[in-house]
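Here is the structure we will look at, set down as structure tokens.
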Amino acid sequence: MALVLTEEQSMLRDSARGLISDKAPVSHLRSLRDSKDPTGFSKEFWHSFAEMGFAGLLVPEEFGGSGLGYVEAGVVMEEIGRTLMPSPFLATSVVAASALNRGGNAAQKSEYLPKISNGSLLATLAIDEGAKHRPLQTSLQAVRAGNGFRLSGAKALVVDGHVADLLIVAARTAGSAGEREGLTLFLVNPKAKGVAIERTIMVDAHNAARIDLANVEVNADSVLGEVDQGATLLDGVLDIGRGAVASEMVGLSEEVFNRTVEYLKSRKQFGKLIGEFQALQHRAAELYVDIEITRAAVMKALQALDTDVAKAASSVAVAKARAGTTATRAVQEGVQMHGGMGMTDQFDIGFFMKRARVCEELFGDANYHTEQLARARGY
Amino acid sequence: MSDKTSDAETADLETFRGETRVWLEANCPPEMRKPATSDADVFWGGRNAKFSSEPQRIWFERMRDKGWTVPDWPKEYGGGGLSPAEHKVLRAEMAKMGARPPLSSFGIWMLGPALLKYGNEAQKQEHLPKIAAGLIRWCQGYSEPNAGSDLASLQTRAESDGDDFVITGSKIWTSYANYADWIFCLVRTDSTAKKHDGISFILFDMTSKGVTTKPILLISGYSPFCETFFDNVRVPKSHVVGTVNRGWDVAKYLLQHERAMISGMGERGVGRPLGQIAADSVGTDALGRLDDAMLRGRIASFDVDEAALAACAERAVDLAKAGQAHPAFSSAMKYYGTELNKRRYEILMSAGGVDALEWESERSKQGARPRAWLRTKANSIEGGTTEVMLGIVAKRILDLPGA
Ligand SMILES: Cc1cc2nc3c(=O)[nH]c(=O)nc-3n(C[C@H](O)[C@H](O)[C@H](O)COP(=O)(O)OP(=O)(O)OC[C@H]3O[C@@H](n4cnc5c(N)ncnc54)[C@H](O)[C@@H]3O)c2cc1C
Ligand SMILES: Cc1cc2nc3c(=O)[nH]c(=O)nc-3n(C[C@H](O)[C@H](O)[C@H](O)COP(=O)(O)OP(=O)(O)OC[C@H]3O[C@@H](n4cnc5c(N)ncnc54)[C@H](O)[C@@H]3O)c2cc1C
């Protein structure tokens, strides 16, 4: 497979870019933030997204989706990254749709996937519990009760948690924190008794929530995949999410970089354009190379996911680790090279820095994924 | 992917892959399936070439007969005539079995591509087949004592005299000049023009009267390069490649290929994964992890970057194929690949500890590791320094002012 977009993928990129840059530039995020919008994204725009087939991009055609692959999902995520558009695309269309499609039985798929495709259902994965992403440390308890289970515990950084119509909750049905065995995914109605959801306003002004489950009763039909054997399903779904976030980070990095290079070509000090100073030129050049290399690594990972999700772990670890270090560098250089301007809220660059920080924590930061690679390679 | 490649082409490519795998399996001697660890493991060709082993000879001759010393050159010039896609397949299959390149040379990496683009038919007929067959070994006469990064300020003169140029001056850092049969050389043919406009690219035999070389010892203790002196060397004008005084175009085009080749060093491993090499000498803790957390972290970060660079190199080839490559991208890859290779060897030295310090002994293969470590320091200098590469990216790709 060539590591360049096909003609169809380029067309998809162009239409996503056209739509997003037109309707949801960075000022869109700014106004959602400033008005303390209760939804945190534009419902109207989400419906046009669905009409264009993006909401069900990964959903098979038999369930009303577009049946496209992870490379295509990455293409859309990258465009989202360029304008930092808050959108249910990541949580619902990429992560939850993949979880349902890969782990769901026929009834679950036909109940939820068509609604994801037409934009009427928002769903999200609730995984993290502590300060850092450690999926195997999951300790939210699910104990058998009658015909079903009773869930108790807490989740953090649940993307779109306060607006979701469906929660996919990772819980422990056996074993103890740290073990692969004994993890199970549950479909939970956020309105069920015992579910408490607190919207957490985050640094990046994107949606997140803390969710508390206190003796929440679910029936046996709510198990997604197999009881105790959820780790493998989770690995795949998380890797898909990681590939998508890495794509968002590539888009974000490139946009910050382009804006910074433009600034270097327009700001004058000492009677010269600051872009004439070699100290800045070389740093800009290094950053350019970093972004190009990361872009290739991310594309490689998305193609690996398209080929076989189960075998993509190492490529995904490389991609997410690289995306993390590259985006961190890009936003820091972006602010620094804008001087005092970069520090102002009025200027967009700070939004990129904030979003990059959240993307870095989402589904594991660069340290986490670098560690995973070391373990996979046995040293 | 429903690219422009039709299904038939894809099927052909898979057939080619299968046949190639079978052929390599049958023809590549087992000894040639591990990475070269010393210069003797590399076959450079040339009039005085000697094989360091029988498997080296066999492997070279079999590959040469298929045209696969230069797989993507046209068949009429001794190449394999492979398409870019087939070439990618061959490279991938060779990498999979760890097969060494059968022949290494500046002729293959640098001069050949320049001749294919700028040479006239007679020059191509004369030189390309001899490069492909490893008969002539070439060296590169670019740098001078006062023209390094600022290459275009070179002073070696070529005076017109009838049908000849008469060349006088000196070059420095000429790799393997003392072993080379011929040189491709930059000379000043017009000293009144602006510095880029009076340069010609010319070829001549190193046994010509007036050529002398003097080896220079490197910090690695080896002497792979030389000072090279020209004292009224007479060269026919027909040996100029491209147009007289337009040699800079040829020189720059050749540098793109040189940089791509050097950046490839960042992709080439040293046989075994660094983490394992380190674990063998440093040891592991109770969990089986490398017993040096900082080193382990450095290796893991290196592994991430190495894998990412490999993807980028693959993408660069695919972009070129799709006609979307930026011509200056080889400078970006050269910068990153060489810096990465230096990191690789810093890690190897750290992993080796005291054992990696031995300079002369059977046990250390005459200090192979420290010498290789020191050699890598040149990667970010030769073929254009890291700073020069970054300058090129800033100017040509980012279009920054005054770069
Ligand atoms: C939080 C904060 C508080 C401040 N408080 C005060 C205050 O109380 N009083 C006050 O007077 N000022 C204050 N400043 C202003 C501060 O001193 C300036 O922001 C600073 O001097 C940089 O100038 P600039 O913002 O115009 O950036 P610029 O000079 O435009 O710089 C932009 C970028 O170009 C780089 N650059 C510029 N020239 C060169 C060069 N020759 N070579 C290489 N790179 C170069 C810079 O390093 C920077 O990365 C404050 C700024 C901030 C952010
Ligand atoms: C192992 C080895 C093999 C070589 N083989 C060959 C060969 O076969 N044929 C051949 O012709 N040459 C060869 N070279 C020479 C090589 O191309 C030159 O060394 C290289 O171009 C740098 O030139 P210089 O050594 O004169 O360094 P200089 O140009 O003097 O550079 C010194 C330092 O200044 C920096 N610098 C220079 N200009 C700038 C600038 N504008 N901005 C910022 N920094 C700058 C450089 O990056 C470097 O760090 C070889 C070199 C080595 C080390």
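How high is the FRET efficiency between B:THR243 and A:SER120 when r is their beta carbon distance and R₀ equals 56 Å, given to the nearest 0.05? Please list the in-between numbers first.
Details: r = 68 Å, r/R0 = 1.22.
In this case the efficiency is close to 0.25.
Debye sum, Cα scatterers, region B:138-246, no solvent: what log₁₀ I/I(0) at q = 0.17, 0.19, 0.21, 0.24 1/Å?
-0.73, -0.91, -1.09, -1.38
Where Lys and Arg each count +1 and Asp and Glu each count -1, what net charge lies around B:GLU31 among other residues with Cβ under 14 Å from its Cβ? Intermediate values should be presented prior to the final figure.
Values: positive: B:ARG33, B:LYS34, B:ARG57, B:ARG62, B:ARG100; negative: B:ASP41, B:GLU54.
Combined, the nearby Lys, Arg, Asp and Glu give +3.
Can you run the Rg to Rh ratio on region B:281-403? Use alpha carbon positions and the Kirkwood inverse-distance Rh.
Working: Rg = 18.3 Å, Rh = 16.9 Å.
Taking Rg over the Kirkwood Rh, I get 1.09.
What is the percent of Cα-Cα separations in the protein assembly as shown that go past 37 Å?
Working: 151812 of 305371 pairs.
Result: 50 percent of Cα pairs exceed 37 Å.
Once you place label points 7 Å from the Cα toward the Cβ at A:GLU198 and A:LYS23, how far apart are they in nm?
Result: 3.4 nm between the two label points.
Among B:LEU103, B:GLY119, B:TRP73, which residue has its Cα furthest toward the positive end of the charge dipole of region B:72-134, with +1 on Lys/Arg Cβ and -1 on Asp/Glu Cβ?
B:LEU103
List the extent of the Cα atoms of region A:58-151 along each of their three principal axes, largest first, rounded to whole Å.
Dimensions of region A:58-151 along the principal axes of its Cα atoms: 43, 35, 21 Å.
How about region A:283-322: which of its residues lose at least 30 Å² of accessible area in the presence of all protein chains relative to their chain isolated, using a 1.4 Å probe?
Residues shielded by partner chains are A:ALA285, A:GLU286, A:TYR288, A:VAL289, A:GLU292, A:ILE293, A:ALA296, A:LYS300, A:VAL318, A:ARG322.
Using only the Cα atoms of region A:325-379, what do you get for the radius of gyration and for Dmax, in Å?
14.7, 48
For region A:182-315, taking Cα atoms only, what is the radius of gyration to one decimal and the Dmax to the nearest whole Å?
22.6, 72
Could you tell me the distance between the Cα centroids of region A:165-191 and region B:42-101, to the nearest Å?
A separation of 56 Å, based on Cα centres.
Using a 1.4 Å probe over the heavy atoms of the protein chains, calculate the carbon and sulfur portion of the accessible area of the protein assembly as shown as a whole percent. Don't skip to the answer; put the middle values down first.
Details: 17080 of 33410 Å².
Accessible surface attributable to carbon and sulfur in the protein assembly as shown totals 51 percent.
In region A:361-379, which residues become less accessible by 10 Å² or more once every protein chain is in place, relative to the chain on its own, using a 1.4 Å probe?
A:THR370, A:GLU371, A:LEU373, A:ALA374, A:ARG375, A:ARG377, A:GLY378, A:TYR379
Using a Debye calculation, one point per C-alpha and no hydration shell, please list log10 I(q)/I(0) for chain B at q = 0.11, 0.13, 0.14 Å⁻¹ in order.
The calculated log intensity ratios at q = 0.11, 0.13, 0.14 Å⁻¹ are -0.91, -1.27, -1.45.
Over all directions, the average projected area of the alpha-carbon convex hull for chain A comes to how many nm²?
Working: hull surface 75.8 nm².
If I average the Cα hull's projected area over directions, I get 19.0 nm².
Considering every Cα-Cα pair within region A:250-299, what fraction, in whole percent, is farther apart than 17 Å? Walk me through the intermediate numbers first.
Details: 466 of 1225 pairs.
Tail of the P(r) past 17 Å holds 38 percent of the pairs.
Other chains' Cβ within 10 Å of B:386-395 residues: what's the mean? Please report the intermediate quantities before stating the final value.
Values: counts 2, 3, 0, 3, 9, 4, 1, 9, 13, 2.
Per-residue shielding by partner chains comes out at 5.
Compute and list, largest first, the equivalent-ellipsoid semi-axes of region B:214-288 from the alpha carbon gyration tensor, each √(5λ) rounded to a whole angstrom.
Computed over region B:214-288, the values are 46, 20, 7 Å.
Which whole number in µm²/s is D for region A:1-82 by Stokes-Einstein, with the Kirkwood Rh taken over Cα pairs at 10 °C and 1.306 mPa s?
Working: Rh = 13.8 Å.
After rounding, the answer is 115 µm²/s.
In nm, to one decimal, how far is the B:PHE51 label point from the B:MET97 one, both placed 7 Å along Cα→Cβ?
1.7 nm
For B:THR385 and B:GLU159, what does the FRET efficiency come to when R0 = 41 Å and r is the distance between their Cβ atoms, rounded to the nearest 0.05? Mind showing how you got there, number by number?
Values: r = 32 Å, r/R0 = 0.77.
With a Förster radius of 41 Å, E is 0.85.
In Å², what does the accessible area per residue of chain B work out to with a 1.4 Å probe?
46 Å²
What ³J(HN,Hα) values, in whole Hz, does the Karplus curve 6.51 cos²θ - 1.76 cosθ + 1.60 give for region A:365-379 when θ = phi - 60°, with x put for Gly and Pro?
Per-residue couplings from phi come out as 8, 4, 4, 4, 6, 5, 4, 4, 5, 4, 5, 4, 8, x, 9 Hz.
Applying the Karplus parametrisation 6.51 cos²θ - 1.76 cosθ + 1.60 with θ = phi - 60° to the phi angles of region A:350-357, what ³J(HN,Hα) value in whole Hz is obtained for each residue in order, glycine and proline being reported as x?
The phi angles translate into x, 4, 5, 4, 5, 5, 4, 5 Hz.
For every helix of n ≥ 4 consecutive DSSP H residues, a contribution of -39,500 (n - 2.57) applies; sum these over chain B, divide by its total residues, and give [θ] at 222 nm rounded to the nearest 500 deg cm²/dmol. Walk me through the numbers on the way to the answer.
Values: 11 runs with 162 residues, N = 403.
After summing the helix terms and dividing by the residues of chain B, the value is -13000 deg cm²/dmol.
Given R₀ = 56 Å, FRET efficiency for B:SER149-A:MET52 by Cβ-Cβ distance, to 0.05? It would help to have the intermediate numbers written out before the result.
On the way: r = 51 Å, r/R0 = 0.92.
Once the sixth-power term is evaluated, E becomes 0.65.
Provide the convex hull volume over Cα atoms per residue for region A:96-172, in Å³. All intermediate terms of the calculation are to be shown ahead of the outcome.
Values: hull volume 8.3 nm³, N = 77.
In region A:96-172, the Cα hull volume divided by residue count equals 107 Å³.
Quote the total accessible area buried by chains B and A together, excluding ligands, DNA and RNA, probe 1.4 Å, nearest 100 Å². All intermediate terms of the calculation are to be shown ahead of the outcome.
Values: alone 20520 and 16540 Å², together 33410 Å².
The summed interface area works out to 3700 Å².
Would you work out which of A:GLY130, A:GLY148, A:ALA220 lies farthest towards the positive end of the dipole of region A:124-228? Charges go on Cβ: Lys and Arg +1, Asp and Glu -1.
My answer, from the dipole projection, is A:GLY130.
Pairwise over distinct Cα atoms, reciprocal of the mean inverse distance: report the Kirkwood radius of region A:238-352 in Å, one decimal place.
Details: mean 1/r = 0.0670 Å⁻¹.
The answer is 14.9 Å.
Given +1 on the Cβ of Lys and Arg, -1 on the Cβ of Asp and Glu, and no further charges, what dipole in debye does region A:7-122 carry about its Cα centre, rounded to the nearest 20? Before the final figure, lay out the partial values.
Numbers: 11 positive and 14 negative charges, 96 e Å.
It comes to approximately 460 debye.
The values are calculated or read from the model by the stated rules, or taken from the named source; none is laboratory data. Note that the coordinates shown come from a computational prediction; the quantities given were computed from them, not determined experimentally. Positions of Cβ are generated from backbone atoms using ideal geometry, with glycine treated the same way; all protein chains shown enter the neighbour counts. Just so you know, the surface numbers come from the protein's heavy atoms only, side chains and all, with ligands and any DNA or RNA stripped out. Shrake-Rupley method; radii C 1.70, N 1.55, O 1.52, S 1.80 Å.
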